[in-house]
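Right, one structure below, let's go through it.
Bear in mind that the values in this text are calculations on the coordinates, not laboratory data. Everything numeric in this text was worked out from a predicted model, so none of it was measured. No Cβ is skipped: glycine too gets one built from the backbone with ideal geometry, and neighbour counts run over all protein chains shown.
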Amino acid sequence: MESLLFSRFLEACTCTRSEADEGLTEDELYGIYTSWCVLQDTDPAPAGLFWKAMRELGIRRHFVDSRFICPHLHMTGPAAVDYILSSQPDLI
C-alpha cells in the first residue's frame, strides 16, 4: 500500500526532463513530498522510509557539488507550488 502512495506522489508531483540540468536536491524532493502529504491529509513517512521507497521506484541520488541531486527530476503541480511558497515566504 505504501508503495502505491509513493508512486502516486511521484506521478502527481514530478516530471522528468532529459536536458542537461541538475534536477531536484534531496531536500527539495522530500519537501515536495511533505507538502503533497499535507494536501492529501496524510502523515508523511520518515525520510529513511521515503528514500528506501524512492530507490525501489528507480529514483537515484547522485552526489554533486557537496549535495545529493536526483538528476532530471523536476517538480510540478499544486504540491510544488505549496512547497515553493512555504520555503520562500517572501514570494507571497
Next item on the list: Report the GluC sites (Glu not before Pro) located in the chain that are in a DSSP loop and have at most 11 other Cβ atoms inside 10 Å of their Cβ, or state none.
Entry: GLU19
Check: Ordered by packing density, taken as the mean number of other Cβ atoms within 10 Å over each peptide's residues, highest first, how do 60-66, 37-43 rank?
Finding: 37-43, 60-66
Check: Remind me, relative contact order of the chain in percent, using alpha carbon pairs under 8 angstrom and six or more residues apart?
Finding: 44
Checklist line | For THR25, THR14, order by how many other beta-carbon atoms lie within 10 Å, fewest first | finding: THR25, THR14
Note to self: Using helices alone, I'd like the mean residue ellipticity at 222 nm for the chain: each DSSP H run of four-plus residues gives -39500 (n - 2.57), total over residue count, nearest 500.
What the structure shows: -16000 deg cm²/dmol
Check: Based on the alpha carbon coordinates of the chain, what radius of gyration and maximum Cα-Cα distance (Dmax) apply, in Å?
Finding: 12.8, 38
Next item on the list: Any chance you could check the Cα centroid distance between region 22-56 and region 64-85 for me, in angstrom?
Entry: 10
